[in-house]
C-alpha cells in the first residue's frame, strides 16, 4: 500500500490504519464519534494527502476545462474555486472534483484518490487538440482543518503571510505563496480550510496543529461528517453509470451550453425524463442504514441506499438513496429480512453544527 508523508505521525498518535483505495490511511485514533464531535464543535484535522492534485496550464487551459467539466469555469476569478463533475460521453460521472483558478491560463484540480489512474488517463485523452500541459503534483501533502474553530487554530501553524490573509478569505477561495496553498473548502459541512504544502514540511505542520488543540481525525469521522452534510462519495452515491441529473447534482451542470463532454447525453436524458432521483432518509426505529440496502415503496418500486451510517449529531441512522423518479411514501428499508419504515427528508441533515432536517 502507498503511504502518505504523515504515516509515522498517525501511528504515533495511536491511529488504526486501513487500506483505502490502495493507501494506508487512519480510520480513527480511538473514538470515531469523539472525532466527529470535535469537528462539529471545535476543530479537527484530516490527512487527505492521498488525493490527486493536477495543475493545468497553457493558452487553451480554459477552453480545455470547458470541454472537460460540466460546470462553468468562466465564472471564476483568480483565486476562486468551483465544484464540478467530469463526465464521459454517456453523461456518467468519471469523477467529482474541485477546480481552482490560479490565473487566466493556470488552474489546479483536486480529484479523488481511488480514481487517480482513470482520471489522469481521461484528462489526458480529453486534452487532444488543446495547447495545455497537465502536471500531477505527487509531492504535495494535503491537510483538511475543519470545524468552527479551525481557521483560528490553524493560524498559529500557518506561515504568517498566509495566516494574515485568512480573515478576508471567502468560502471557495484560495491564497498561496509559491509553496503553500490554502483553500477555504472542505468535505464536512463545517467551516475550515484545506492546505497543500511540500510533503517534507507536512509532519511539522501536523504537530503544530495538534499543539494548537486541533484533534486528529480519521476517515471514519470524515465519512459521517460528509454524510450529515449531504455530500456525495464517489463510487457509492455516483459513478460512471450515473449522471449528475440522477444523483442530486444537476446544480453543477451549466445550462448556458452543452459543449462539454457528456452534455448532449444529459440533454437527451432531460428530454426523455430523468429516471432516478437522490433522496435523504432517516430510519424511524432501531438499526443502521448501509449502502446496498433495498428500499421499497407502496407500489412495489425498489430503490437502493447509496450511503448510510449512524449520525452522531442527530443520534439517528441516516442515509442517501437513489430511487425511481416516481418513488413515493410510505417507504421501507429491508434490513435482515425485516422491512423498517424510513422518513424521506430534504438534504442536508446537518450544516455548520446545526440539525436542519425537519422530521
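The values are calculated or read from the model by the stated rules, or taken from the named source; none is laboratory data. Note that this is a predicted model, so its numbers are computed, not measured. FYI the Cβ positions are ideal-geometry reconstructions off the backbone, even for glycines, and counts take in every protein chain you see.
Okay, here's what the table says:
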item: Matching residues in segment 164-173 - criterion: being buried (at least 16 other Cβ atoms within 10 Å of the Cβ) and in a helix (DSSP H, G or I); result: 166
item: Selection from segment 150-163 of residues that are farther than 20 Å from residue 42 by Cα and assigned to a helix (DSSP H, G or I); result: 160, 161, 162
item: Flag for residue 249 being more than 28 Å from residue 126 (Cα to Cα), touching a residue at least 60 places away in the same chain (Cβ under 8 Å), buried (at least 21 other Cβ atoms within 10 Å of the Cβ) and touching a strand residue (DSSP E or B) at 6+ places or on another chain (Cβ under 7 Å); result: no
item: Qualifying positions in segment 110-129 - part of a helix (DSSP H, G or I) and either modelled with pLDDT under 95 or surrounded by 15 or more Cβ atoms within 10 Å (Cβ to Cβ) (or both); result: 116, 119, 120, 122, 123, 126
item: Residue among 341, 275 that is surrounded by fewer than 19 Cβ atoms within 10 Å (Cβ to Cβ) and over 25 Å from residue 244 (Cα atoms); result: 341
item: Residue count, segment 130-148 (criterion: surrounded by fewer than 21 Cβ atoms within 10 Å (Cβ to Cβ), under 22 Å from the mean Cα position of the chain (by Cα) and outside any strand (DSSP E or B)); result: 4
item: Where residue 227 falls short, out of the listed (1) within 12 Å of the chain's Cα centre (by Cα); (2) farther than 15 Å from residue 36 by Cα; (3) in a helix (DSSP H, G or I); result: (2)
item: Enumeration of residues in segment 2-21 that are in contact (Cβ under 8 Å) with a residue 12 or more places away in the chain, outside any strand (DSSP E or B), more than 21 Å from the chain's Cα centre (by Cα) and surrounded by fewer than 21 Cβ atoms within 10 Å (Cβ to Cβ); result: 5, 7, 8, 9, 13, 14
item: Only one of 178, 189 that is in a loop (DSSP other than H, G, I, E, B) and touching a strand residue (DSSP E or B) at 6+ places or on another chain (Cβ under 7 Å); result: 189
item: Filtered residues of segment 22-43 (kept if under 12 Å from residue 219 (Cβ atoms), touching a residue at least 60 places away in the same chain (Cβ under 8 Å) and not in a helix (DSSP H, G or I)); result: 23, 25, 26, 27, 28, 29
item: Residues that are part of a strand (DSSP E or B), under 16 Å from the mean Cα position of the chain (by Cα) and closer than 20 Å to residue 9 by Cα, drawn from segment 44-54; result: 45, 46, 47
item: Residue identified as modelled with pLDDT of 95 or more, under 18 Å from the mean Cα position of the chain (by Cα) and either within 22 Å of residue 98 (Cα to Cα) or outside any strand (DSSP E or B) (or both) among 269, 236; result: 236
